[in-house]
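To start, the structure under review is shown below, and the notes come after it.
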Amino acid sequence: MSALIEIAVFSPKDALVAQENGAHRIELCAAMSEGGITPSHGSIVYVREKLRIPVFVMIRPRGGAFVYSTEELEIMERDIEFCRDAGVDGIVFGILTNEGEVDTFNCRRLVKKAGVMASTFHRAFDVAKDPLSSLEKIIDCGFHRILTSGQKQLAPEGADLIASLVEQAGSRIIIIPGSGVEESNLKVLHQLCGAKEYHSSAKVRDEEKTMKVNMSSISSTLTKWKVSPEKVKEMRRIADEL
C-alpha cells in the first residue's frame, strides 16, 4: 500500500512545482522563518484556482507560542471562513492553553467553523503535555489529522513516539510525520512508524534569491529556499513503493 506525500510550500510557484512533480497535497503557508503563518488571501485564491490536487492552508496569525488572544482567535475564525468560501480542502492549526494542554474549547470552535474542510492539528502538538492524552483530546475535538515530529526536533528522532501514536490512533485520526522528512530517510521512517501520510518541505537553497545585506554595519545573509522538483519526485516514487 502506497503512502501520501504532502509538501509544505511558501509561495504559489512552489505549489505548482510540488504538483507538477507528484505531490499528493500541499500545505500553503507564509513566512518560513516563523515556522509558517497564514498566507495572504490573494495567495490562497490563486493557488486554489491553479492546483488540481488538494490544498490545505495554515491558520496561524503569528509566529511564537500557540496560546492565542481573543482578538487572534477571531482573526483565525475569519481566515477559516475565507478558506471555506474559497474552496480550500483543509486547514492546519493548533491551540494550546497556558499550561501546555490542548485548548479543547477553542479547537472545537474552529473545527466547527471549518465545516466540510478537513482539520489538521499542527506541530503545536510537539510542545503539548502528555502526547498520548493530547491525542485523545484532539480526536474528541473532531480533527482529521495530527502533524508531528514525535516531540523531537526531527521526525526520524521521534519515530518511536510516532509509532505509538499511529498504533493508538488506529483509524480514528491520521498521524503525519513531519520535520526532517526527506527522500533519504522516508523508507526507513516508514518502516519504523508505519504512517499513511508524510509531510516534507522538500526544500533546497535558492541561490538566485539568496543575498547578502548590510544594515547598520551588521552584515548577514538572507537565505531563500524553494521546493526541489527532484526531491518531490523521488519522495513520490518511494511513497508509491511503500
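Every residue, every condition in (1) in contact with a Lys or Arg (Cβ under 6 Å, 6 or more places away or on another chain); (2) buried (at least 17 other Cβ atoms within 10 Å of the Cβ); (3) of a type in the set (A, V, I, L, M, F, W, C), yes or no:
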| residue | (1), (2), (3) |
| --- | --- |
| GLN19 | no, yes, no |
| ALA23 | no, yes, yes |
| LEU28 | no, yes, yes |
| ALA31 | no, no, yes |
| VAL47 | no, yes, yes |
| LYS50 | no, no, no |
| GLY64 | no, no, no |
| THR70 | no, no, no |
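If you go through the range 107-118 one residue at a time, do you hit one that is part of a loop (DSSP other than H, G, I, E, B), surrounded by 21 or more Cβ atoms within 10 Å (Cβ to Cβ) and more than 14 Å from the chain's Cα centre (by Cα)?
Taking every residue of the range 107-118 in turn, none turns out to be part of a loop (DSSP other than H, G, I, E, B), surrounded by 21 or more Cβ atoms within 10 Å (Cβ to Cβ) and more than 14 Å from the chain's Cα centre (by Cα).
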A careful count of residues in the range 68-106 that are more than 16 Å from the chain's Cα centre (by Cα), of a type in the set (A, V, I, L, M) and closer than 15 Å to LYS137 by Cβ gives 2
The lone condition LYS209 fails out of (1) at pLDDT below 95; (2) assigned to a helix (DSSP H, G or I) is (2)
If I filter the range 180-202 for residues that are at pLDDT below 95, in contact with a helix residue (DSSP H, G or I) (Cβ under 8 Å, 6 or more places away or on another chain), more than 22 Å from VAL102 (Cα to Cα) and assigned to a strand (DSSP E or B), do I get at least one hit? no
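Every residue in the range 121-174 that is part of a loop (DSSP other than H, G, I, E, B) and either under 20 Å from ASN106 (Cα atoms) or touching a Phe, Trp or Tyr at 6+ places or on another chain (Cβ under 7 Å) (or both), please.
HIS122, ALA128, LYS129, ASP130, GLY142, PHE143, HIS144, ILE173
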Looking across the range 1-50 at residues that are acidic (Asp, Glu) and at pLDDT 95 or above, the single one that is nearest to VAL181 (Cα to Cα) is GLU6
Subset of the range 66-105, residues over 15 Å from ILE37 (Cβ atoms) and aromatic (Phe, Trp, Tyr), comes to PHE105
inquiry  = Take SER43 and tell me if it is crowded, with 17+ Cβ neighbours inside 10 Å, assigned to a helix (DSSP H, G or I) and not hydrophobic (A, V, I, L, M, F, W, C).
reply    = yes
Would you check if there is a residue in the range 15-24 being more than 22 Å from LYS226 (Cα to Cα) and not aliphatic (A, V, I, L, M)? no
Checked against (1) under 26 Å from LYS129 (Cα atoms); (2) in a loop (DSSP other than H, G, I, E, B), GLU72 satisfies every condition except (2)
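The values are calculated or read from the model by the stated rules, or taken from the named source; none is laboratory data. Remember, predicted model here, so these are calculated numbers, not experimental data. Every residue, glycine as well, gets a Cβ built from its backbone with ideal geometry; the counts of neighbours run over all protein chains shown.
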